[in-house]
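*Asks:* Sending over a structure as structure tokens; questions will come in a sec.
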Amino acid sequence: MFLTLREALPIALPVMIGYFTVGATFGLTAAEAGFGWFWPVVISLIQFAGAAQFLIVAMVSEGAGFIDTAAVVFLLNLRHVFYGLPFLAHRPENPLARLLMIFWLSDETYSLLTSRKPADPSRVQVAVAGLNYVSWAAGTLVGSTVGQLLPLSVDSFSFALWALFAILLTEQLRANRSFVPVIAGFVGVAVLVPLKVDFGLGMFISGLAATATILGWHWLLTARQRGMGG
Amino acid sequence: MEASVISDALGPSFVLLLIVGALGVFMQRGASFFLPRKALDWPAMGKLNRLLPGALILLFFLVSWRTSAVEGRLEWQPWTAELLILLAAAALHLVFRRVLLTIVCAVALHALVFAYVLG
């Protein structure tokens, strides 16, 4: 096991550093939002879902109900459906290792492991994913503890969450080079105009409307391509 | 929401939310082990995978502002200042691509603006 970890450490290190930093940012913002030092660590250990964790903190802070929060988190993580595919050929034989690999498979671990040619043995892949998980949780612990100790303005510090969402949105638009998410977002919020709903239910309803917009756009594009082809 | 109200929300039901959420993520991450290949090969899934996260993040801003406006909690001057700081943060991120640097600058700017300009 020690040899496997020694083999995995240099592979995992770049993601571990990033995870520690972002995990610390999560801990800091959650602690400053009123979650204390303990709950951010619990969220990181149980959930381990990056942006979704920030969304949970933000939605609970806005007074959203738990069912609405769970539904929005489910929609946000839809992309994970594809992550297991490249690992079908290398999935660990050991059932526990297989379960851990699924639990620890994040965006960055997926990007890191799928970029390795030839692919690492499954025991090393599991160790890389585990090291990333530990660094995320450790970063959260450090961030939430520091967040409890720093005498900073809560308002300004909780603004970090909004800044992070601005960064994530910028990255999404930059990576996809498409304005469809922006259109879908505005359609989603337009659906709420005649309704008087709270934040959580509003997110759920407008999330469904945004999903329908993206699907509609996809079908429109497919139909047009078929029309041009034949 | 006040910090005390958040602490009231944290308890066994919150742990249950986390476990349900984690199970959802687990099912999604392990979908290739559980779902038929045909469902994963559905072309629209690719589009949703690519475009939905951005739309949901944008919705977080829009729905939060809209809800605050309806409830009469949205004050225009602070809102405009925060929007401008967010746009500056996005521009800063596009230039330097350093998440922590952008967040620290945004928080510092927010503290300065709200303490000395709007305070």
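The values are calculated or read from the model by the stated rules, or taken from the named source; none is laboratory data. Please read all numbers here as calculations on a predicted model, not as lab measurements. No Cβ is skipped: glycine too gets one built from the backbone with ideal geometry, and neighbour counts run over all protein chains shown. To get the accessible areas, we keep the full protein, side chains included, count just its heavy atoms, and leave off ligands, DNA and RNA. Shrake-Rupley method; radii C 1.70, N 1.55, O 1.52, S 1.80 Å.
*Asks:* When you look at B:THR80, is it assigned to a helix (DSSP H, G or I) and in contact with a Phe, Trp or Tyr (Cβ under 8 Å, 6 or more places away or on another chain), yes or no?
*Replies:* Working: assigned to a helix (DSSP H, G or I): yes; in contact with a Phe, Trp or Tyr (Cβ under 8 Å, 6 or more places away or on another chain): no.
In short, no.
*Asks:* Could you please give the count of residues in the stretch B:97-108 that are more than 9 Å from chain A (Cβ to nearest Cβ) and either crowded, with 18+ Cβ neighbours inside 10 Å or assigned to a helix (DSSP H, G or I) (or both)?
*Replies:* The total comes to 1.
*Asks:* Here are the criteria: (1) among the small types (Gly, Ala, Ser); (2) outside any helix (DSSP H, G or I); (3) open to solvent by less than 50 Å² (accessible area, probe 1.4 Å). Tell me which single one B:GLY72 does not satisfy.
*Replies:* With (1) among the small types (Gly, Ala, Ser); (2) outside any helix (DSSP H, G or I); (3) open to solvent by less than 50 Å² (accessible area, probe 1.4 Å) applied to B:GLY72, the lone miss is (3).
*Asks:* Another question about this same structure. In this structure, does B:GLY24 turn out to be more than 7 Å from every other protein chain (Cβ to nearest Cβ) and open to solvent by less than 60 Å² (accessible area, probe 1.4 Å)?
*Replies:* Working: more than 7 Å from every other protein chain (Cβ to nearest Cβ): no; open to solvent by less than 60 Å² (accessible area, probe 1.4 Å): yes.
Considered against the rule, which asks whether it is more than 7 Å from every other protein chain (Cβ to nearest Cβ) and open to solvent by less than 60 Å² (accessible area, probe 1.4 Å), B:GLY24 comes out as no.
*Asks:* Going by the structure shown, is A:GLU62 among the charged types (D, E, K, R) and either more than 7 Å from chain B (Cβ to nearest Cβ) or under 14 Å from the mean Cα position of the chain (by Cα) (or both)? First the steps, then the outcome.
*Replies:* Numbers: among the charged types (D, E, K, R): yes; either more than 7 Å from chain B (Cβ to nearest Cβ) or under 14 Å from the mean Cα position of the chain (by Cα) (or both): no.
Criteria not met by A:GLU62.
*Asks:* Quick check on B:LEU94: is it open to solvent by less than 30 Å² (accessible area, probe 1.4 Å), assigned to a helix (DSSP H, G or I) and at the interface with another protein chain (Cβ under 7 Å from one of its Cβ atoms)?
*Replies:* Values: open to solvent by less than 30 Å² (accessible area, probe 1.4 Å): no; assigned to a helix (DSSP H, G or I): yes; at the interface with another protein chain (Cβ under 7 Å from one of its Cβ atoms): yes.
Taking the combined requirement at face value, the residue does not satisfy it.
A quick yes/no check of all residues on (1) more than 17 Å from the chain's Cα centre (by Cα); (2) at the interface with chain B (Cβ under 10 Å from one of its Cβ atoms); (3) closer than 18 Å to A:PHE165 by Cβ; (4) part of a helix (DSSP H, G or I):
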position: A:GLU7; (1), (2), (3), (4): yes, no, no, yes
position: A:PHE26; (1), (2), (3), (4): no, no, yes, yes
position: A:PHE48; (1), (2), (3), (4): no, yes, no, no
position: A:THR69; (1), (2), (3), (4): no, yes, yes, yes
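*Asks:* In the stretch A:28-46, which residue that is modelled with pLDDT under 90 and either within 26 Å of B:LEU74 (Cβ to Cβ) or assigned to a helix (DSSP H, G or I) (or both) is nearest to the other protein chains (Cβ to nearest Cβ)?
*Replies:* The qualifying residue nearest to the other protein chains (Cβ to nearest Cβ) is A:GLY34.
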